[in-house]
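Only one structure is covered here, and it is reproduced in the block below.
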Amino acid sequence: MKFKVKFHSGYKSDETPKSVIMGEREFKIEEIRDRKRVLDKKSGKRYEVFTCKMEGEIVKLEKYESGEWGISFLEKP
């Protein structure tokens, strides 16, 4: 599934995700419930994980060092 992430840029670039665009629709991120940096022990690469509430769904957004994003839909709150 192709999508884009819009974000708020603060003093660091690409700081906080604000919405996800899928096709022609934009879905607002209502709340960021958790944010952490993860180190993949196998590859040695770091990425950021955001657990968010978006349109009544709980989603996990992953931002990789390459600048690409991944998305997973977890559950309804």
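Every read-out reported here was derived from the displayed coordinates using simple, explicitly stated rules and does not represent laboratory data. All values derive from a computational prediction rather than experimental measurement. Note that each Cβ is placed from the backbone with ideal geometry, even for glycine, and that neighbours are counted across all protein chains shown.
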Scanning segment 19-77 for residues that are surrounded by 12 or more Cβ atoms within 10 Å (Cβ to Cβ) and of a type in the set (Phe, Trp, Tyr), the one nearest to the chain's Cα centre (by Cα) turns out to be PHE50
For segment 39-66 the number of residues that are in contact (Cβ under 8 Å) with a residue 12 or more places away in the chain and either out of contact with any Lys or Arg (no Cβ under 9 Å at 6 or more places or on another chain) or β-branched (Val, Ile, Thr) (or both) is 9
